[in-house]
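Engineer: Please find one structure pasted underneath; my questions will follow.
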Amino acid sequence: MRHDKQLTRHTGAVAATLASLLLAACSAGSTADGNSTGSPDKNSDSLKIGLNAEPANLDITKTAGAAIPQALLYNVYENLVKVDASGNIQPQLAKSWSLSKDRKTYTFQLVKDAKFSNGAAFTAEDAKFSIERVKSDWTIAQKAQMNVVDTVQAASPTELKVTLTRPSNDWLYRMTTRVGVMFSRTGVSKLATEPVGTGPYVVKNWKRGDSITLARRDGYWGREPHFKSVTLKYFKDPTAMNNALLTGTINVIGTMQTPDSLDQFQNNSKYKVIEGTTNGEVVLSLNNGSGPMRNLKARQAVRYAIDHKALLDTCWAGRGKLIGSMVPPTDPWYQNLTNQYPYDLGKAKKLLKESGEAGQTLRLRIPTLPYATACGTVVKSQLEQAGFKVKLDQLEFPAAWLSTVFKNADYDMSIIAHVEPRDMQTVFGEKTYYTRYENPEFSALLEKADQGTQREQITYMRDAARLLSKDAAADWLFLLPNLMVADKGITGLPVNSVSESLDLTGLGRS
């Protein structure tokens, strides 16, 4: 089956983050390069984007979370294939590919003239090295997405054959994400500080706690991006980020952290406001492995106790979408499951009493991220109305939250946005993950979905999502919107966030 530049529907995500630093905001009264404030010249070849979370380091292979691929994927690093702005799989370092009749062997035809930023030529040997390295050297949970690979062969400098242990609907899509990054065989010794990729940008400067500056590199093999320099500026304070745009310190707010402050930009002709969707599910995580939330009736009581519309209106200005599951509407197997556990205070009280957990104090441990702190008090209040006892703890993010909740599962409930694309399998498919969910029927459905036809994949993934919701493995508060604000002349910004990458290569200025 031929896949030469085939448009195959897939989605991803870029939005918030799971493991990134929230550090001090820079002054909104001057530009990043020291110039006076004010709107930049429309002919300027530099761009400054405000973001809320900085990477802890730049090693995409050993550091979880969304902040590193947000900055580096498709910009510094490239893959064999990528997801475009419409969610379709497109060629990148592979100009074409084909799939064998047994659906197990992919043959990629690679571009001939790509080079890494260290000067080394990109060949099929580098692709082989990169794919095999996921199993041997990566440590983050996403490495499991490469377990289906059996053998990798560099048939020639420009031809790569990858044979899977079984047919997999998911594998090619995963090659568009961080696990599909292509590394130089001679450029992996300092990934935490000096990433080496084939992309159009290199990391020029990293002012920790402030900004990362990417510089367009000479000799790039593909189409040269518009901006010579892109600075990603990180703000702890959302108001400071808003002021930075108003005063010309930055050109773009990459992720709006205060939806109720959009009016000041919507009513100003100097700016454009982009509002679309993401696949960043804001999850009320429940610890299925220990404590009161091991009890099914207690989990069901939690779900009935949450008035999702009131919560969304209160803590996120009504912006976002209620979905009721771990599947966003941009995925082919989306189904609206919001009615599976409609708000019903009476049922919540009844189930809590039947569970025998009414006297237990639930530890709601949330990260110091805007959506989590805004929604945490609402969740606490609504659960207490149903008879739960709730202790709310705010944990510094990322260090304290990652150690306490994510690593040690020392919590009963938490609130986190899972923004990695198609992450239902990652978050609930492995019992050692922090949700501690385990259901053999769920795992079997995921396996059938991956190995079946595309139609069967949709059917089984819907079944899996429905089972996950029925089990009350978590509660899905809402889907994060894609809210961006930019100087009016900035072009190429995506309406929907459909990949792990904040793809800078298509941005421009009119």
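The values are calculated or read from the model by the stated rules, or taken from the named source; none is laboratory data. Small disclaimer: the values here were computed from a predicted structure and weren't measured. Virtual Cβ from ideal backbone geometry, glycine too; neighbours counted across all protein chains shown. The accessibility values were calculated without ligands, DNA or RNA, using every heavy atom of the protein model including side chains. Shrake-Rupley method; radii C 1.70, N 1.55, O 1.52, S 1.80 Å.
Engineer: Could you please put 89, 274 in sequence from largest to smallest accessible area, using a 1.4 Å probe?
Structural biologist: So the residues, ranked largest to smallest area, are 274, 89.
Engineer: Can you list the DSSP H helices in the chain whose Cα atoms extend at least 27 Å along the helix axis and whose mean Kyte-Doolittle hydropathy is -0.5 or higher? Please report the intermediate quantities before stating the final value.
Structural biologist: Values: long enough: none.
Helices meeting the span and hydropathy rule in the chain: none at all.
Engineer: Roughly speaking, to the nearest percent, how much of the chain's 1.4 Å accessible area is carbon and sulfur?
Structural biologist: Of all accessible area on the chain, carbon and sulfur atoms account for 47 percent.
Engineer: Which value, in Å², gives the accessible area per residue of segment 280-336 when a 1.4 Å probe is used on the protein heavy atoms?
Structural biologist: 30
Engineer: Let a ≥ b ≥ c be the square roots of the eigenvalues of the Cα gyration tensor of segment 384-510; is it rounded (a/c under 1.5), or, if not, prolate (a/b larger than b/c) or oblate?
Structural biologist: Oblate is the answer for segment 384-510, as a/c is 1.5 or above yet b/c matches or exceeds a/b.
Engineer: Also, I was wondering about something else. Normalised by the residues of the chain, what does the relative contact order come to in percent, with Cα pairs under 8 Å and at least six apart? Working shown, then result.
Structural biologist: Working: 1217 pairs, mean separation 119.7, N = 510.
Value for the chain: 23 percent.
Engineer: What does the C-alpha gyration tensor say about the overall shape of segment 169-261? Classify as rounded when a/c is under 1.5, otherwise prolate if a/b is larger than b/c, or oblate.
Structural biologist: It is prolate, given that a/c is not under 1.5 and a/b is the larger ratio.
Engineer: Any chance you could run the full-extension gain for residue 273 through residue 350? It's 0.36 nm times the residue separation minus the Cα-Cα distance, nm to one decimal. Don't jump to the answer; show the numbers that get you there.
Structural biologist: Working: separation 77, 0.36 × 77 = 27.72 nm, distance 4.49 nm.
Working it through step by step, the gained length comes to 23.2 nm.
Engineer: State which entries of 115/190; 207/488; 48/270; 431/470; 204/228 exceed 23 angstrom in Cα-Cα distance in the structure shown.
Structural biologist: Result: 207/488 exceed 23 Å.
Engineer: Taking the Cβ of residue 260 as the centre, find all other residues whose Cβ is under 11 Å away and add up their charges (Lys, Arg: +1; Asp, Glu: -1).
Structural biologist: Once positives and negatives cancel, what remains is -1.
Engineer: Still on this structure: Calculate for the chain the 222 nm mean residue ellipticity that helices alone would give, adding -39,500 (n - 2.57) per DSSP H run of length 4 or more and normalising by residue count, nearest 500 deg cm²/dmol.
Structural biologist: Calculated at 222 nm, the ellipticity per residue is -6500 deg cm²/dmol.
Engineer: For the chain, what is the charge dipole size about the Cα centre, in debye to the nearest 20, if Lys and Arg each add +1 at the Cβ and Asp and Glu each add -1 at the Cβ?
Structural biologist: Taking the Cα centre of the chain as origin, the dipole is about 380 debye.
Engineer: Can you find, among 232, 417, 459, the residue farthest towards the positive end of the dipole of the chain? Put +1 on the C-beta of Lys and Arg, -1 on that of Asp and Glu.
Structural biologist: Final value for the positive-end residue is 459.
Engineer: Write down the percent of antiparallel bridges among all DSSP beta bridges whose residues are both part of the chain, to the nearest 5.
Structural biologist: Details: 60 of 77 bridges.
Among the beta bridges of the chain, antiparallel pairing accounts for roughly 80 percent.
Engineer: For 224, 125, what's the largest-to-smallest order of accessible area, 1.4 Å probe?
Structural biologist: 224, 125
Engineer: A follow-up question, please. Given a Förster distance of 30 Å, report the FRET efficiency between residue 165 and residue 95 from their Cβ-Cβ distance, rounded to the nearest 0.05.
Structural biologist: Working from the Cβ atoms, E equals 0.70.
Engineer: Further, regarding this structure: Roughly how many Å² is the accessible area per residue of segment 70-126, as a whole number, for a 1.4 Å probe?
Structural biologist: Dividing the accessible area of segment 70-126 by its residue count gives 33 Å².
Engineer: Tell me, what is the percent relative contact order of segment 383-491, built from C-alpha pairs under 8 Å that lie six or more residues apart?
Structural biologist: It rounds to 13 percent for segment 383-491.
Engineer: If the only charges are +1 at each Lys and Arg Cβ and -1 at each Asp and Glu Cβ, what is the size of the charge dipole of segment 52-182 around the Cα centre, to the nearest 20 debye?
Structural biologist: On the way: 16 positive and 13 negative charges, 70 e Å.
For this selection, approximately 340 debye.
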